[in-house]
Structures are given as structure tokens and as C-alpha cells.
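Student: What follows is a single structure, and I will ask about it in a moment.
The values are calculated or read from the model by the stated rules, or taken from the named source; none is laboratory data. Remember, it's a predicted structure, so these values are computed and weren't measured experimentally. All Cβ positions, even for glycine, are placed from backbone atoms using ideal geometry, and neighbour counts span all protein chains on display.
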Amino acid sequence: MPARSSAHWALPPGRPAAPGVEVLLPCFERPGELAVTLSGLASQLDADFGLVLSDQSPEPVWEDPSVAAMLRVLRAQGRAVRTLRNLPRRGLAQQRQFLLERASAPRVLFLDSDVWLEPGTLTRLQEALDAYGGGFMGSAVQGLSHLRDRRPEEQRPFELWEGRVEPEPAPAQGPAHERWTLHNAANLAHIAADTPLGGEPFLVYRVAWVGGCVLYDRERLMECGGFAFWDRLPPEHAGEDVLAQWQVMRRYGGAAVLPSGAVHLEAPTTVTDRRTEATELLDRGAT
């Protein structure tokens, strides 16, 4: 069902049709950042989506007035919104798998709770996945406090996909691994400013991985195992999204869009213990 204009707050009659995309939003505290994230979702008026929010805060984060207000906006737009509790905390991989198991839409957008999306971002991701294929399409988050911090060496690995996205080895090492620098600071904003689109609405480029905002083909993600490896990780870990994406890349490929449209709020991270990297502990198929 197309989103209603913000001028129409009454819910449409009848049960809305199942959306083609569900936004899966893991969160822990930081209600101010979450409210900004939800405001970005509310601006995606050209896209049809539902929202599943999984909270691990000591008290439900949706009781915060700013979060509650933005959830009301999304519901008033006719969005299907579910708010769930997932305790005790057993790490981000378990949190993501918990969300994935509760989704039913053909596509799922994993969105971190400290990312603002400019209008049109979700539609761009869907159109890119339609046009280029693969298992996932990301919008890499940009730190706009670094707009005056140009890093040309970190931008050198930028490489467009020519034709459809294809499977490739997990970029655990070598030149492909160096693509991770593309998403540092405001590199992607600088690349977008310097790269002609040639009349196209977006371009698609090769990645090492994408953090913060990734649209998956749900069936393909689940076929590759999703985040079911969570029970082989200690609760304090990082890199679970990298591992899941590498599993998808090997079988179906993955990419990201330019321009991105995703802005990192640059708030302090809630993942403070990064001594255990999921890829280092569990990935045995890297080539």
C-alpha cells in the first residue's frame, strides 16, 4: 500500500496489504538517536514498508516521548509497526536473528538505531536490488562531521559494478578487502560529489561490507544462514553483519548504492567490547 501523504493522518479503512519490505531495527537505549532514525523512516513517503523494532533496553525505549511520537507518526501513515522486547541481551547476532525470524516480507532492511535516511533512500535501494540483483544492497552510512576531511587514498578502491551483481569470494584479504576504507568518515559523500551519474538515478559499486543500512533478499539471507551462528559467539562481539554479508556474497553477491542517503549520527557506540570479531572466530570459507 503506498504511503499516505503527511497531510492525511487518519488510518485507511481495512487491513493494509502486506508490505514488500520490513525494516528490522535493533535498539538498546539511546532514545534520542532512535527518534531521529524513525523520523528518517517517516520521510520515506514513496516506499511501502512495515517496521519491526526489537528493544533490549532496561525499560521499553518506546516509552520515551520522542520515540513514542515518531511511532505514532508511522502508524498514522498506515505503516504496520511492531514493538518487541528481546531479553536478556545475548549479543547483536542474536538480536538480528530474533528480528529476522519474525519477518515475513520478501525483503528486509536492517537499519541501525543511529542512522538517518534522506527521503527516497529506501526506494533507491529497492530499485537497485531489482536492477542489479544479488543478495543485498546497502547504503553505507556517512559521517558528515568529516566533510572537510578528504582522504583520496582511502577512496582509491572505489569500483563500479558493470552489469548485474555476481557472487564473489568473501573479501577477507587482498585488494577487495581494502574496499572497507570507502565507508570511512565522509569518503562516500566525496566520491558521490566527484562521480558523474551519467543521467542515472544511482550507481552501484563493489564493497567489502556495508554497515548500518542494508536491504536483503530475505529468502537468500536465510538460505545462507542469516545470523543463526549467534550461539557460537560470546554475548560481547562485533562483526556479525560482516560475517552474514560474506556468506551472502559468496553465493549471490552484494553491493551498495551511490549516492548513499544514509547519515551516521556519530553518537557513542553501544558495542564497546570488540575483542571478538565474528569473522575471525567463525569464518572458515574466506578466500
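Student: Looking for whichever is modelled with pLDDT of 95 or more, under 19 Å from the mean Cα position of the chain (by Cα) and under 16 Å from V257 (Cβ atoms) here; the options are W161, W209, W180. Which one fits?
Tutor: W209
Student: What number of residues within the stretch 16-54 satisfy the criterion of being in contact with a Leu (Cβ under 7 Å, 6 or more places away or on another chain) and without any contact (Cβ under 8 Å) to a residue 60 or more places away in the chain?
Tutor: The total comes to 6.
Student: Checking N187 against (1) within 12 Å of A256 (Cα to Cα); (2) without any contact (Cβ under 8 Å) to a residue 60 or more places away in the chain: exactly one of these is not met. Which one?
Tutor: (1)
Student: Do any helices (runs of 4 or more DSSP H) lying entirely in the stretch 143-245 carry at least 3 residues that are in contact with a helix residue (DSSP H, G or I) (Cβ under 8 Å, 6 or more places away or on another chain) and surrounded by 14 or more Cβ atoms within 10 Å (Cβ to Cβ), and which ones are they?
Tutor: 187-194, 218-223
Each row is one residue, and each column tells you yes or no for (1) more than 18 Å from the chain's Cα centre (by Cα); (2) not in a loop (DSSP other than H, G, I, E, B).
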residue	(1), (2)
G40	no, yes
Q44	no, no
L53	no, yes
A69	yes, yes
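Student: Something else about it: Would you confirm whether any residue within the stretch 177-193 is within 13 Å of F136 (Cβ to Cβ), of a type outside the set (D, E, K, R) and out of contact with any Asp or Glu (no Cβ under 6 Å at 6 or more places or on another chain)?
Tutor: Within the stretch 177-193, none of the residues are within 13 Å of F136 (Cβ to Cβ), of a type outside the set (D, E, K, R) and out of contact with any Asp or Glu (no Cβ under 6 Å at 6 or more places or on another chain).
Student: When you go through (1) within 22 Å of T269 (Cα to Cα); (2) without any contact (Cβ under 8 Å) to a residue 12 or more places away in the chain one by one for A68, which number turns out not to apply?
Tutor: (1)
Student: Right, something else. Which is at pLDDT 95 or above and either within 20 Å of E166 (Cα to Cα) or over 16 Å from the mean Cα position of the chain (by Cα) (or both), of A267, A189, A278, A262?
Tutor: The unique qualifying residue is A189.
Conditions tested, residue by residue: (1) surrounded by 14 or more Cβ atoms within 10 Å (Cβ to Cβ); (2) at pLDDT below 95; (3) of a type in the set (D, E).
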position	(1), (2), (3)
H8	no, yes, no
P19	yes, yes, no
E22	yes, no, yes
L25	yes, no, no
E33	yes, no, yes
V36	yes, no, no
S43	yes, no, no
D48	yes, no, yes
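Student: Can you find, within the stretch 249-279, the residue that is surrounded by the fewest Cβ atoms within 10 Å (Cβ to Cβ) among those that are touching a Leu at 6+ places or on another chain (Cβ under 6 Å) and in a helix (DSSP H, G or I)?
Tutor: Of everything passing the filter in the stretch 249-279, T279 is surrounded by the fewest Cβ atoms within 10 Å (Cβ to Cβ).
Student: Among the residues of the stretch 104-142, which ones are hydroxyl-bearing (S, T, Y) and not in a loop (DSSP other than H, G, I, E, B)?
Tutor: T121, T123, Y132
Student: So is R90 surrounded by fewer than 20 Cβ atoms within 10 Å (Cβ to Cβ), modelled with pLDDT under 95 and not aromatic (F, W, Y) or not?
Tutor: So R90 fits the description; yes.
Student: Next question. Is the stretch 94-117 home to any residue that is touching a residue at least 40 places away in the same chain (Cβ under 8 Å), surrounded by fewer than 22 Cβ atoms within 10 Å (Cβ to Cβ) and within 22 Å of L258 (Cα to Cα)?
Tutor: yes
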